[in-house]
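*Asks:* Sharing a structure here in structure tokens format.
We did not get these values from a lab; they are worked out from the coordinates using the rules stated. Note that the coordinates shown come from a computational prediction; the quantities given were computed from them, not determined experimentally. Cβ placement follows ideal geometry from the backbone for every residue including glycine, while neighbour counts extend to all protein chains displayed.
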Amino acid sequence: MSTVEANGSLQRAGTAERRLRIAICVLCLIGIGVAGYLVYVHYAKIKIICGANGGCETVQSSVYSKLAGVPVAVLGLAGYIGILFSLMIRNELGRVAGFGIALVGFLFSMYLTYREAFTIHAYCYWCLSSATLMTLLVILTTVRLLRAEPITRTPKTVPRAERRRIERRQAARR
């Protein structure tokens, strides 16, 4: 592969990485808006804006709306913020952290959606939108993790003066 071809593939990989990061960032900002609204409604003790079915209040007042006394909306907000911050870490750790947080958020969202359907028998559109966002985020962070360029060590470059000394020693031995 020529240098030009290698540079072209690196540019495409960089462009794909950039697009994934932007998409993940946009989804996280939307998620922060959704979760932030739910946190605000919880602590302000105001009526939640909901669709025609009115299931949001039923879900928000259920025993499943808190985990160890912490509203699940706070956990969701922390998750979205965590994924957003993982984008600032520009190496394998950032990709793995983003994927891990998204995976935990996705699995927890699926559990809560299961509870909405089979235990509470009511649906919260805000919660379903958050579950959809987490699903998209786990897909995008998985793609970002799998598309990452493998970490390769570049050979250590020897300074010119050191190289000349080595060459002189080798020439003297001959």
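*Asks:* If I build a Gaussian network model for the chain, linking alpha-carbon pairs within less than 10 angstrom, which residue out of Leu137, Leu128, Leu27 has the largest mean-square fluctuation?
*Replies:* Evaluated over the chain, the most mobile residue of the options is Leu128.
*Asks:* Need the full-extension length gain, Arg174 to Val26, defined as separation in residues times 0.36 nm minus the C-alpha distance. One decimal, nm.
*Replies:* Gain on stretching Arg174 to Val26: 46.8 nm.
*Asks:* Expected output is a single nm value to one decimal: the length gained when fully extending between Ala78 and Glu17, i.e. 0.36 nm times separation in residues minus the C-alpha distance. What is it?
*Replies:* Full extension of this stretch gives 19.6 nm more.
*Asks:* Give the calculated FRET efficiency between Tyr111 and Ile89 to the nearest 0.05, with a Förster radius of 30 Å applied to their Cβ-Cβ distance.
*Replies:* 0.60
*Asks:* Okay, moving on. Just to confirm the number: angle between the C-alpha axis of helix 160-173 and the first principal axis of the chain, 0 to 90 degrees, nearest 10?
*Replies:* Result, in degrees: 40.
*Asks:* Turning to a different aspect of this structure: How tilted is helix 72-86 with respect to the longest principal axis of the chain? Cα atoms for both, answer in degrees (0 to 90, nearest 10).
*Replies:* Computed tilt is about 20 degrees.
*Asks:* Please report the equivalent ellipsoid semi-axes of the stretch 15-148, computed as sqrt(5 x eigenvalue) of the Cα gyration tensor, largest first, in whole Å.
*Replies:* Three semi-axes, in Å: 28, 14, 13.
*Asks:* Right, here's the next one. Just want to confirm a number: the relative contact order over the stretch 15-148, from Cα pairs under 8 angstrom separated by 6+ residues, in percent.
*Replies:* 34 percent
*Asks:* What FRET efficiency do you get for Ile46 and Thr157 if R0 is 45 Å and r is their Cβ-Cβ distance, rounded to the nearest 0.05?
*Replies:* 0.10
*Asks:* OK, next. Compute the angle between helix 92-115 and the longest alpha-carbon principal axis of the chain, please, reported from 0 to 90 degrees and rounded to the nearest 10.
*Replies:* 20 degrees
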